Amino acid sequence: MPAYLQCIEEVCGERQEPGKDSHLCLRCGGLLEVKYDFSPMDPDELRHTWHQRRLSGEPVDRSGVWRFRELIPFVSPGDRIISLSEGSTPLIGTRRAGWWAGPVHLTVKHQGVSPTGSFKDLGMTACITRAESRDVRTVACASTGNTSSSMAAYAARAGMKALLFVPYRQISAAKLAQALDFGALVVEVGDTFDEAFRLLRELAGELDLYLVNSINPFRIEGQKTIVAELMEQRGWRPPDYIVVPGGNLGNASAIGKGLRELKELGFIEKVPRLVVVQAEGANPFYRLTKEDATELVPVDTPQTEATAIRIGRPANWKKAKRALEWTQGLVESVSDEEIAQAKAVLASDGVGCEPASAATVAGVRKLCQAGKIERHADIVCVLTGNQLKDTEYIMRHHADEKSSRLLRAEPTLEAVRRVLEAPLAARAW
Ligand SMILES: *Cc1c(COP(=O)(O)O)cnc(C)c1O
């Protein structure tokens with residue numbers, strides 16, 4: 001098989017023995033990545049094959065991950081593919097948001113329409129498929145919410161037990177509900193994702209758990225296929241920028257790897273610049289790049305309403321740093337207020353998403369204002385999660401006095417007329 005795991009640390013670079021997957025380098029503890037001895041490919045022929053598969057009724061062809069299986073050849077013939085028809089998400093033009101943020105030419109790649117409502121499904125189908133081929137019985141993760149929903153769904157499908165560690169009262173009700181609905185066992189532990197994750201990592205070996213957090217390199221493989229799908233949707237014309245929110249930095253790492261491989265394999269000439277946007281209260285990666293430091297300084301008590309990116313110690317920062325180097329990328333940091341504004345502007349285009357996803361558009365605006373992104377640039381923002389993942393956030397932002405759009409009236413005609421009078425007379429509400 002042409003796939004193997006290798007340590008990303010330059011001083012180490014140890015190739016791991018095939019056999020049981022470890023999540024970190026057995027020699028130096030560094031992050032691992034999946035590498036392939038790709039045989040030469042004919043890009044035109046493969047593009048045609050990928051396109052043709054969209055017409056197929058086969059589940060592996062309908063999946064936006066497995067349709068591009070030549071880019072992730074770690075599966076052996078006969079392996080069972082655990083898929084829920086993930087991927088194939090829309091690319092939507094957002095004129096108002098583009099005007100607000102730039103003006104730039106803005107489209108969004110909406111990963112929130114995946115089976116469990118976030119981009120995590122792309123990585124999870126790959127990772128659970130790998131676990132299945134290794135006869136794994138119990139998978140586990142720590143999560144800010146979406147990884148849990150996704151893991152629980154794919155584990156259920158594979159017939160595995162799913163164990164999840166979440167920070168106490170720090171994840172949205174919808175995400176927790178999904179995990180429970182799919183049969184996961186949930187342990188609420190610690191006040192932050194980082195704390196829950198640390199405990200899980202320490203217990204994983206002892207309890208014989210297969211970790212599916214984004215340090216699992218197979219997650220990255222599934223997630224990187226978004227780049228191929230995106231390019232295909234654009235007729236293989238790369239945008240100037242691809243923008244993602246940054247939490248644990250798995251997605252940024254995956255997109256960087258995807259871009260690099262597509263370039264090396266001859267599918268694209270130009271490499272778009274990767275932009276990572278963090279929330280101000282949880283921005284260790286932003287600080288690292290701003291200060292041009294060599295080691296990440298964690299944020300001990302990460303704070304942001306965008307709970308999906310409330311992470312102070314991003315496990316994949318070294319991979320993400322490399323992705324920035326490969327793509328001449330940028331990092332920005334935005335306040336919760338800026339995130340809320342961006343989310344509202346997207347909503348005015350009819351596009352709903354999670355707060356963390358809206359951070360991308362807020363970041364574009366800030367970078368444009370600073371002159372780091374040029375006006376009228378061609379930009380794709382990756383919207384990572386579905387609007388309904390965090391309705392508490394929406395209600396918090398609309399139920400206060402500031403919002404004049406949540407009215408209440410006594411149940412009489414007169415009272416209803418009265419509350420509607422001013423809004424109906426206004427040009428907009
Ligand atoms: C997981 C998640 C992120 C952060 O992705 P990382 O790969 O951890 O950087 C952003 N937005 C949403 C909605 C997520 O679920």
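Bear in mind that the values in this text are calculations on the coordinates, not laboratory data. Quantities reported herein were computed from a predicted structural model and do not represent experimental measurements. Methodologically, a virtual Cβ is constructed for each residue, glycine included, from the backbone with ideal geometry; neighbour enumeration extends over all protein chains shown.
In segment 259-299, what GluC sites (Glu not before Pro) fall in a loop by DSSP, with at most 16 other Cβ atoms inside 10 Å? Mind dumping the intermediate values first?
On the way: sites: GLU261, GLU264, GLU269, GLU280, GLU291, GLU295; in loops: GLU269, GLU291, GLU295.
Of the GluC sites (Glu not before Pro), the ones in loops of segment 259-299 whose Cβ has at most 16 other Cβ atoms within 10 Å are GLU269, GLU291, GLU295.
Working note: Karplus 6.51/-1.76/1.60 with θ = phi - 60° gives segment 168-177 the couplings 4, 6, 10, 10, 5, 4, 5, 5, 5, 4 Hz, where Gly and Pro are set to x.
Each part reduced to its alpha carbon centroid, segment 91-111 and segment 235-262 end up 17 Å apart. Restricting the calculation to alpha carbons of the chain gives Rg and Dmax of 21.7, 77 angstrom.
May I ask you to derive the relative contact order of segment 268-368, considering only C-alpha pairs under 8 Å and at least 6 residues apart, and to give it as an integer percent?
Numbers: 148 pairs, mean separation 33.6, N = 101.
Relative contact order for segment 268-368 comes out at 33 percent.
Each residue, VAL416 and ARG15, gets one label point 7 Å from its Cα in the Cβ direction; the gap between the two is 7.4 nm. Measuring against 32 Å, Cα to Cα, the residue pairs LYS263/LYS389; LYS161/LYS270; LYS35/LYS343; LYS257/LYS343; LYS35/LYS389 contain LYS263/LYS389; LYS161/LYS270; LYS35/LYS343; LYS35/LYS389 as the ones spanning a longer distance. Residues whose amide H lies under 5 Å from that of VAL187, counting only those 5 or more places away or on a different chain, are LEU164, PHE165, VAL166; hydrogens are built 1.01 Å from N in the peptide plane.
At R0 = 41 Å, how high is the FRET efficiency between ALA409 and ARG96 if r is their beta carbon distance? Nearest 0.05 is fine. Kindly include the intermediate steps, with their values, before the conclusion.
On the way: r = 31 Å, r/R0 = 0.75.
Calculated value: 0.85.
Think of it this way: in the chain, CYS127, CYS141, CYS353, CYS368, CYS381 stand alone, with no other Cys Cβ under 4.7 Å.
Rounded to whole numbers, the Karplus 3J(HN,Hα) couplings from phi for segment 264-270 are 5, 7, x, 7, 9, 8, 8 Hz, using 6.51 cos²θ - 1.76 cosθ + 1.60 with θ = phi - 60°, and x at Gly and Pro. When shorter helices are ignored and each DSSP H run of at least 4 residues is given -39500 (n - 2.57), the per-residue value for the chain at 222 nm works out to -12000 deg cm²/dmol. Among the trypsin sites (Lys or Arg not before Pro) within segment 23-111, those in coil by DSSP and having at most 15 neighbouring Cβ atoms inside 10 Å are ARG27, ARG54, ARG80.
Once you have the Cα-Cα distance between GLU206 and LYS263, take 0.36 nm times their residue separation minus that, and quote the gain in nm to one decimal. Write down the numbers at each step before the final one.
On the way: separation 57, 0.36 × 57 = 20.52 nm, distance 4.12 nm.
Value of the extension gain: 16.4 nm.
DSSP assigns beta bridges within the chain; of those with both partners inside it, close to 25 percent run antiparallel.
Taken one residue at a time, the phi angles of segment 195-202 give Karplus couplings (6.51, -1.76, 1.60, θ = phi - 60°) of 5, 4, 5, 4, 5, 4, 4, 5 Hz. Gly and Pro are set to x. Between LYS161 and TYR36, the FRET efficiency estimated from the beta carbon spacing at R0 = 35 angstrom works out to 0.70.
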